[in-house]
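Colleague: Let me begin by handing over the structure; questions about it come next.
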Amino acid sequence: MSKKLFIKTFGCAMNTRDSDHIIAELKEKENYSLTENAKEADLIILNTCSVREKPERKLFSEIGIYANIKKPNAKIGICGCTASALGAEIIKKAPSVDFVLGARNVSKITNIIKNPKAVEVEINYDESNYEFCMNTESNIRALINISIGCDKKCSYCIVPHTRGKEISIPLEMILKEAEIRVKNGAKEIILLGQNVNNYGARFSTPPKTTDKKINFTYLLQEISKIKEIKRIKFVSPHPLHMDDEFIEEFARNEKIVKYIHMPLQSGSNKVLKDMKRGYSREWFLDRVNKIKSLCPNVGIGTDIIVAFPNENENDFYDTLEIVKEVEFDTMYSFIYSPRKDTLAFHLKEIDSKIATNRLEILQNLHKQILEKKAKNEINKIHKVMIENIKDTMSEGRSDNGRVIKIQNKKLNLGEIYNVVITNNENGSLFGSLVNV
Ligand code: SF4
């Protein structure tokens, strides 16, 4: 009889991939099967996020909920970045927790479930050469880790403290995983890392291939050779590592979706310096213009933090100016959240009213930009890969990352269709098939 596993994942794509690994390892080696119902689970895992203070604070109320509804002998395990950040403190504060497994220790899952009250949060544990069991269920999209950790020191960010130093995963392992995933039906590969375009900066074992410079551009070229792969995406590149070679490959390689996430964080050089982002607004804009010159229809996304300590009105307007100039297609925007152990933690926060007001102004500006862009999409033709089918509606993403809905058509998952945009409703784009 298989045991039941309930897993809830918070936060980023890296956490989603870690949860995939946990599920595959427990299925393959410990005879677990997944359940959506925590009440029938033998093991409940919360894979946590601590990028902002709120999710970390919410963790203990979440634990309380599951402790109340769980089966008598069921176990509760806490994984992910909050596990790394708080470690044994979690069990002290919540005795109903059976183990704590840090973000960089996922490969220890089959051992830790057998050790009551165990805490495994080694910050620089190296599992970059560990071959995880693989989920063999058919899926048109495959998330694949290409590196773990981050070597940057952005002054607001907790990730280096929870996911440790940056190590690239051997190229052979990535290509092997991609081959297996396409055999299981994947058409789209999404490469994951904190700074994907810094791939190859450091391996824990010397790369086998020595005659070629193993970097992100080379990885993109090699993975494109797998013919079954139709689309390649990646999350998240760092503006600092957007050299010409990378941008030219991005533009030239037809399999690479012409959508790129460029986390700006702030448009002010003073704030970028305080954030230790390592680039200037001029460099950021230069890279954007280079990409747009080679890919005029490119979709660009970004992350922005408002009200970083010492951000004054002029700094904020510098951010608004860049948003107006670039016209981002996606924007994740937040008020600065002080994180313990980060360099900025002790800096005086900006008044919350001012912070909220700035966020509102920024989000309203972006809303106007999106409305204008949606209007300009009418009658444009896009290559859309179908990702979801709901009743008689098919939904997919365009070759520049936009979500497009096709009504009254049940199309094939993973297939790419030519679609003309017919209308937009509140920013959602609708289209119909074009016979070309
Ligand atoms: S690059 Fe900066 S923001 Fe991104 S994970 Fe690393 S430290 Fe955090």
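A quick yes/no check of all residues on (1) more than 16 Å from the ligand (Cβ to nearest atom); (2) hydroxyl-bearing (Ser, Thr, Tyr):
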position	(1), (2)
PHE132	yes, no
GLU137	yes, no
ASN145	no, no
SER155	no, yes
ILE158	no, no
HIS161	no, no
SER168	no, yes
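Colleague: Can you report the number of residues in segment 165-185 which are part of a loop (DSSP other than H, G, I, E, B) and out of contact with any helix residue (DSSP H, G or I) (no Cβ under 8 Å at 6 or more places or on another chain)?
Modeller: Adding up the residues that qualify gives 5.
Colleague: Right, here's the next one. Among the numbered criteria (1) farther than 28 Å from LEU86 by Cα; (2) within 23 Å of the chain's Cα centre (by Cα); (3) open to solvent by 80 Å² or more (accessible area, probe 1.4 Å), which one does LYS324 miss?
Modeller: It is condition (2) that LYS324 fails.
Colleague: Whether any residue in segment 189-205 is touching a Gly at 6+ places or on another chain (Cβ under 6 Å) and crowded, with 20+ Cβ neighbours inside 10 Å is what I want to check.
Modeller: No, there is no match, as no residue in segment 189-205 is touching a Gly at 6+ places or on another chain (Cβ under 6 Å) and crowded, with 20+ Cβ neighbours inside 10 Å.
A quick yes/no check of all residues on (1) assigned to a strand (DSSP E or B); (2) open to solvent by 30 Å² or more (accessible area, probe 1.4 Å); (3) farther than 25 Å from TYR332 by Cβ; (4) touching a residue at least 24 places away in the same chain (Cβ under 8 Å):
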site	(1), (2), (3), (4)
ARG358	no, no, no, yes
LEU411	no, no, yes, yes
ASN424	yes, yes, no, yes
LEU429	yes, no, no, yes
SER432	yes, yes, yes, yes
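Colleague: What about ASN184, is it touching a Ser or Thr at 6+ places or on another chain (Cβ under 6 Å), assigned by TED's automatic domain parsing to the domain that holds ILE158 and more than 16 Å from the ligand (Cβ to nearest atom)?
Modeller: yes
Colleague: Same structure, new question: What pairs can you find where one residue is in segment 230-253 and assigned by TED's automatic domain parsing to the domain that holds LYS292 and open to solvent by less than 10 Å² (accessible area, probe 1.4 Å), the other is within 16 Å of the ligand (Cβ to nearest atom) and modelled with pLDDT under 95, and their Cβ atoms are less than 9 Å apart, with a gap of 6+ or different chains?
Modeller: Note: no pairs meet the criteria.
Colleague: Taking strands (runs of 3 or more DSSP E) that fall entirely within segment 48-158, which contain at least 1 residues that are over 30 Å from LEU343 (Cβ atoms) and open to solvent by 70 Å² or more (accessible area, probe 1.4 Å)?
Modeller: 75-80, 141-145
Colleague: Which one is most open to solvent (accessible area, probe 1.4 Å) among residues in segment 279-306 that are touching a strand residue (DSSP E or B) at 6+ places or on another chain (Cβ under 7 Å) and free of Cβ contacts under 8 Å to residues at least 60 places away in the same chain?
Modeller: By that ranking, first place goes to ASP303.
Colleague: Looking at ARG141 and the list (1) within 16 Å of the ligand (Cβ to nearest atom); (2) within 30 Å of GLU415 (Cβ to Cβ); (3) modelled with pLDDT under 95, which single condition is not satisfied?
Modeller: Of (1) within 16 Å of the ligand (Cβ to nearest atom); (2) within 30 Å of GLU415 (Cβ to Cβ); (3) modelled with pLDDT under 95, only one is false for ARG141: (1).
The values are calculated or read from the model by the stated rules, or taken from the named source; none is laboratory data. Just so you know, these numbers come straight off a predicted model, no measurement behind them. FYI the Cβ positions are ideal-geometry reconstructions off the backbone, even for glycines, and counts take in every protein chain you see. In case anyone asks, the SASA skips ligands and DNA or RNA and just uses the protein heavy atoms, side chains included. Shrake-Rupley method; radii C 1.70, N 1.55, O 1.52, S 1.80 Å.
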